[in-house]
Each structure stands twice: as structure tokens, then as C-alpha cells.
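Asker: Can you keep this structure in mind? I'll have questions shortly.
What follows is calculated from the coordinates using simple rules that are stated; it is not laboratory data. It should be emphasised that the depicted structure is a prediction, and the values quoted were computed from it without experimental measurement. Virtual Cβ from ideal backbone geometry, glycine too; neighbours counted across all protein chains shown.
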Amino acid sequence: MSKLNIHDEASAPAAARPALEAVKAANGMIPNMLGVLAENPAALDAYLSLSRIFDTAGFTPLERQVVLLTVSIENTCHFCVAAHSAASAAAGLDMTVIEAVRNNQPLPDPRLEGLRLFTRRMVRQRGFVSDADVTVFLKAGWDKSAILGVILGVALKTISNYTNHVAETPLNPPYKPFAWAPCTRACAGDGR
């Protein structure tokens with residue numbers, strides 16, 4: 001059970017109702033995390049706005065999911081890992097990549113692996129990545145704009161990951177087949 005209210009378009013504060021109605025119209029449901037954020041309409045608006053902005057940060061849909069899943073895994077957010085996995089499957093993205101990210105395994109594409117590792121370093125180091133980290137990222141085929149795009153993705157997921165930690169947000173039924181638990185040492189990947 002969630003520690004915070006999970007609103008729908010009827011129970012949410014008036015200022016949050018239009019956003020929840022739009023989400024439901026677009027997706028056929030309101031993800032529980034957005035229902036939790038609706039308690040504070042400004043928080044809901046910030047998350048939805050930042051999500052739309054992140055969509056324009058220069059990453060492909062698969063690259064965006066690599067960033068968002070990596071952040072959510074590093075922050076141990078069960079809800080977001082399941083939700084982004086479900087969204088990836090629904091969008092027809094390469095699920096072998098998604099499964100590798102979920103299991104903290106290296107990606108076969110060097111550019112995507114560079115993105116995954118840099119995102120992970122960004123979260124683990126709280127933004128204090130080394131010059132070597134930046135050099136490796138750039139040599140993997142990324143540019144300096146992508147560094148800021150990763151930071152944007154980290155900011156976006158910090159809102160949702162922390163919300164889900166506090167709320168203990170339960171998974172919506174469509175996300176349950178993608179339930180996730182942190183991997184054991186056997187799937188931990190490299191320690192970078």
C-alpha cells in the first residue's frame with residue numbers, strides 16, 4: 001500500500017485534474033506514480049514538462065530508455081524500472097538491450113554501452129564525473145550536448161524515483177509482467 005495518496009482524475013486536486021485527464025486519454029490509464037505526484041500539482045507539472053523536454057534532448061527512443069532505466073536501476077526504483085520496461089516493449093524497442101540494462105550487463109553496441117556507463121557514473125558520482133569518464137563517453141561517439149542530456153535525464157528520474165521511494169508506489173497491472181528487483185552479484189556487471 002502506498003504511503004501517499006494515489007489520485008485519479010476525480011480525486012486529484014483541481015489543478016492536477018487536466019494533466020491526469022490528458023495522461024489517461026493518451027495512455028488509457030494513469031500510472032500510479034503520476035497519481036501520487038498529483039497530490040502536488042506543481043510536482044506533477046514539473047515531471048510531465050521535464051519528460052516532454054527530455055524527449056527533445058537529442059536521444060533516440062532507445063537511447064532515452066537506456067538513460068532512464070540506468071538511473072532508475074542505480075536509484076533502485078522498482079516502479080520506474082518496470083514502467084520503462086513496459087513502455088519499451090509497447091514501443092517495439094529492442095528488448096535484448098532493455099533486458100541487458102535491467103540486469104546491469106554490458107550492451108553489445110559500444111555507443112549505447114558508453115551511454116549506459118556514463119549515466120551510471122553520473123548517478124554514482126552525483127555529477128562529479130572525472131575527466132577520464134568524459135573522455136571515454138566522447139570517444140564512444142557522443143558529444144558534449146549529450147552530457148547535458150544525461151544530466152537532464154538524471155533530473156527527470158530523480159523526481160520519479162524519489163517519489164516512488166517515499167510513496168512505495170505499487171505497480172499498475174500492465175507493469176507487473178516487468179516487475180524488477182535489484183540483481184545479485186552475478187549480474188552486477190563491472191564496478192565502474
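Asker: Using the alpha carbons of the stretch 1-103, what is the convex hull volume per residue in cubic angstrom, as a whole number?
Answerer: That works out to 109 Å³ per residue.
Asker: Additional query: Regarding the chain, what is the average projected area of its C-alpha convex hull, in nm²?
Answerer: For the Cα atoms of the chain, the hull's average projected area reads 10.7 nm².
Asker: Rounded to whole Hz and in sequence order, give me ³J(HN,Hα) for the stretch 83-99 from the Karplus expression 6.51 cos²θ - 1.76 cosθ + 1.60, θ = phi - 60°, writing x for Gly and Pro.
Answerer: Coupling constants for the stretch 83-99: 5, 6, 5, 5, 5, 5, 5, 5, 7, x, 6, 5, 6, 5, 5, 4, 5 Hz.
Asker: Continuing with this model, one more query. Helix-only mean residue ellipticity at 222 nm, the chain, DSSP H runs n ≥ 4 weighted -39,500 (n - 2.57), per residue, nearest 500. What is it?
Answerer: Values: 9 runs with 114 residues, N = 192.
Calculated from helices alone, the mean residue ellipticity at 222 nm is -18500 deg cm²/dmol.
Asker: For Thr96, what is the net charge nearby, where nearby means another residue's Cβ is under 12 Å from its Cβ and Lys, Arg count +1, Asp, Glu -1?
Answerer: Values: positive: Arg102; negative: Asp94, Glu99, Asp109.
Charge balance in the 12 Å sphere: -2.
Asker: Nearest 10 degrees, 0 to 90: what angle lies between the long axis of helix 110-124 and the longest principal axis of the chain (Cα atoms)?
Answerer: Value to nearest ten degrees: 70.
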